[in-house]
1. For residues that are assigned to a loop (DSSP other than H, G, I, E, B), in contact with a Phe, Trp or Tyr (Cβ under 9 Å, 6 or more places away or on another chain) and more than 14 Å from Leu38 (Cβ to Cβ), scanning just the stretch 291-303, find the one that is modelled with the highest pLDDT.
2. Note down all Cβ pairs under 8 Å where the first residue falls in the stretch 34-54 and is farther than 10 Å from Phe267 by Cα, the second is surrounded by fewer than 14 Cβ atoms within 10 Å (Cβ to Cβ) and acidic (Asp, Glu), and they're at least six residues apart or on different chains.
3. Kindly indicate whether any position in the stretch 291-302 is over 24 Å from Arg59 (Cβ atoms), surrounded by 13 or more Cβ atoms within 10 Å (Cβ to Cβ), in contact with a Ser or Thr (Cβ under 7 Å, 6 or more places away or on another chain) and of a type outside the set (Phe, Trp, Tyr).
4. Just need a number here: residues in the stretch 6-32 that are out of contact with any Lys or Arg (no Cβ under 9 Å at 6 or more places or on another chain), assigned to a loop (DSSP other than H, G, I, E, B) and surrounded by 14 or more Cβ atoms within 10 Å (Cβ to Cβ).
5. Only one of these is exposed (fewer than 13 other Cβ atoms within 10 Å of the Cβ) and closer than 14 Å to Tyr54 by Cα: Lys306, Lys310, Lys322. Name it.
6. I need the helices (runs of 4 or more DSSP H) fully contained in the stretch 118-220, keeping only those with at least 2 residues that are within 24 Å of Thr338 (Cα to Cα), touching a residue at least 24 places away in the same chain (Cβ under 8 Å) and of a type outside the set (Asp, Glu).
7. Condition (residue is over 30 Å from Cys278 (Cβ atoms), in contact with a helix residue (DSSP H, G or I) (Cβ under 6 Å, 6 or more places away or on another chain) and in contact (Cβ under 8 Å) with a residue 60 or more places away in the chain) applied to the stretch 12-20: is it met by at least one residue?
8. If I filter the stretch 196-205 for residues that are of a type in the set (Val, Ile, Thr), buried (at least 18 other Cβ atoms within 10 Å of the Cβ) and within 17 Å of the chain's Cα centre (by Cα), do I get at least one hit?
Amino acid sequence: MNNIGQLLQDIKEGKAGWAEYETFLKLNKNKLKPFLHLANEIKLRNFQNILKIYIPNKRFPAISITGNECSLNCAHCDKKYLKGMKRVLNNKELRDFLLELSKNGGTGALLSGGCDSDGSVPLINYLDTIKEVKTKTSLIINTHTGLLNETTAKKLAEANVDVISFDINMDEEIVRDIYHLDKNLSDYERAVDLLKKYNLNIVPHICIGLYHGELHKELESIKFIKEKNINPSLIVLIALIPPKRTQIPFKRPTPEDIAKVIATIRFIFPDTEISLGCMRPREDIRIDIEKLAIKAGITRIEIPSKTTLKWLKKVNPEINFKFYSACCAIPKEYNDITESKSSDMKGYLNI
């Protein structure tokens, strides 16, 4: 117990190093309570008693510029996420769709798609259209870029793209065995350097449990964000949903493992918003994941269970919920634009 107490004290006083955080991530779940209490204290001190809730709905759709196609066939994905996106396959379709979205009260869109074999989302041929749309509307454009070259980074800046949702992964085994990419960690570093060079707004995403559902070098990704001086205003956490069709065995990451990663980020980035994103296990462990994530210090959550929000209101009656019609990776400067209308909230009003 003395060692646990000392670890807690070191984290509280800002004396913990990477080795101490590695120890924290290996703690048994029955020893987490005081650490989660500290993480939540930090969150309340720096972000008040508020939980931001993001419901993208039709006002902030996700667009795939590759349809259901992806060259990588990542072991954790099986292209299932592309199937839920709006399929847009040429510039006229993209222009017409976005202008109509703006006309009908849309707040923005996520521009995404499958990857080419080099790990990039083939955005470049669409960026002139995005630049045009940005001059004609107030739509917020969030992009998944994947790995990218300098030409694409420069065009993203010229198009005035608002957000770059960039997956941070510092685990070579995942790059090779899960992503099926012939790339190394220096390629990820170079991509981030290019995004920084052109002053693009990077919102790092970390997927918890990509290594077969177990924690494995998530701390290296956190360390990379810190030591690379990305200085994000927001970090998004998502979690592996084990694929149904795969030759590689996967299990679900536990709610406690997800909470430990969130708490670690809260300790290391006390002034940074943290969101629990939409990609996470649901079904029987959904509520446990959401409750522990809240205890671990998130400031945002996308599409939470109403059961979770009712629980939070019961244990914390003074909590203030704020609703937004956008994906949870949108920085706080866009809060006024994305604030939800009552008609968008789909049953959350009675909580």
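1. If we filter the stretch 291-303 for residues that are assigned to a loop (DSSP other than H, G, I, E, B), which is where we start, we get 296-299, 303.
Applying the additional criterion that residues be in contact with a Phe, Trp or Tyr (Cβ under 9 Å, 6 or more places away or on another chain) yields 296-297, 299, 303.
If we keep only those that are more than 14 Å from Leu38 (Cβ to Cβ) as well, we get 299, 303.
Working: Thr299: 98, Ile303: 95.
That would be Thr299.
2. Matching pairs, first to second residue: Asn46/Asp271; Asn49/Glu318.
3. First, pick out the residues of the stretch 291-302 that are over 24 Å from Arg59 (Cβ atoms): 291-297.
With surrounded by 13 or more Cβ atoms within 10 Å (Cβ to Cβ) added as a condition, the list becomes 291-297.
Subsequent filtering for residues that are in contact with a Ser or Thr (Cβ under 7 Å, 6 or more places away or on another chain) retains 291.
Subset that is of a type outside the set (Phe, Trp, Tyr): 291.
Yes, the conditions are met somewhere in the stretch 291-302.
4. Qualifying residue count, the stretch 6-32: 1.
5. Working: Lys310 fails: closer than 14 Å to Tyr54 by Cα; Lys322 fails: exposed (fewer than 13 other Cβ atoms within 10 Å of the Cβ).
Checking each option against the conditions leaves just Lys306.
6. Here the list reads 127-136, 150-158.
7. Looking through the stretch 12-20, at least one residue is over 30 Å from Cys278 (Cβ atoms), in contact with a helix residue (DSSP H, G or I) (Cβ under 6 Å, 6 or more places away or on another chain) and in contact (Cβ under 8 Å) with a residue 60 or more places away in the chain.
8. yes
The values are calculated or read from the model by the stated rules, or taken from the named source; none is laboratory data. Please read all numbers here as calculations on a predicted model, not as lab measurements. Backbone-built Cβ (ideal geometry, glycine too); neighbour counts: all protein chains shown.
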